[in-house]
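A short worksheet on the structure shown next.
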Amino acid sequence: MLKSNGRKVIGLNIINELFNSFSGVLSTLGGTMASIALVSFVAQGVQPFAVMLLGILITKLFPKIEKEKITKRDLTKRTITIVFCIIGLAFIQFG
């Protein structure tokens, strides 16, 4: 991958690391302002939607780098799965 798309891969990795650092700072800030359980629940609940959205964006903007199925049926199945994960996470967090 690095041999064929070196600059693009490294550029996307740098952007990913910046987002990761920024999210860590925001989670820490949120933990100082609210309860840790609530911040953890929100952070973990939003992550699957963010990953799905980034997958769709990368597929649309950079089809040579990543290709995902983004039919209506596939998106519906993924959304339902993510909602079930969030419900399970809520049961774990809030007992």
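The values are calculated or read from the model by the stated rules, or taken from the named source; none is laboratory data. Please read all numbers here as calculations on a predicted model, not as lab measurements. Ideal geometry is used to build each Cβ from the backbone, glycine not excepted, and the neighbour counts take in all protein chains shown.
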Q: Within region 7-25, identify whether any single residue is in contact with a Phe, Trp or Tyr (Cβ under 8 Å, 6 or more places away or on another chain), of a type in the set (D, E, K, R) and farther than 19 Å from Ile86 by Cβ, and answer yes or no.
A: yes
Q) Residue check: is Ile87 assigned to a helix (DSSP H, G or I) and either in contact with an Asp or Glu (Cβ under 6 Å, 6 or more places away or on another chain) or at pLDDT 85 or above (or both)? A) yes
Q) If you check Leu26 against the conditions, is it part of a helix (DSSP H, G or I), within 19 Å of the chain's Cα centre (by Cα) and loosely packed, with under 14 Cβ neighbours inside 10 Å? A) yes
Q.
Any residue in region 27-56 that is closer than 21 Å to Lys77 by Cβ and touching a residue at least 40 places away in the same chain (Cβ under 8 Å) sitting within a Cβ distance under 6 Å of a residue that is among the small types (Gly, Ala, Ser) and surrounded by 11 or more Cβ atoms within 10 Å (Cβ to Cβ)? List the pairs, counting only those 6 or more apart or interchain.
A. none
Q: Return only the number of the condition from (1) closer than 30 Å to Ser4 by Cβ; (2) touching a Ser or Thr at 6+ places or on another chain (Cβ under 7 Å) that Leu61 does not satisfy.
A: (2)
Q: Within region 59-95, track down each residue that is closer than 21 Å to Leu12 by Cβ, free of Cβ contacts under 8 Å to residues at least 12 places away in the same chain and either in contact with a Phe, Trp or Tyr (Cβ under 7 Å, 6 or more places away or on another chain) or surrounded by 13 or more Cβ atoms within 10 Å (Cβ to Cβ) (or both).
A: Thr59, Glu66
(Q) Going residue by residue through region 45-60, is there one that turns out to be in a helix (DSSP H, G or I) and more than 16 Å from the chain's Cα centre (by Cα)? (A) yes
Q) Looking at region 47-58, which of its residues are surrounded by fewer than 13 Cβ atoms within 10 Å (Cβ to Cβ) and under 28 Å from Gly95 (Cβ atoms)? A) Ala50, Val51
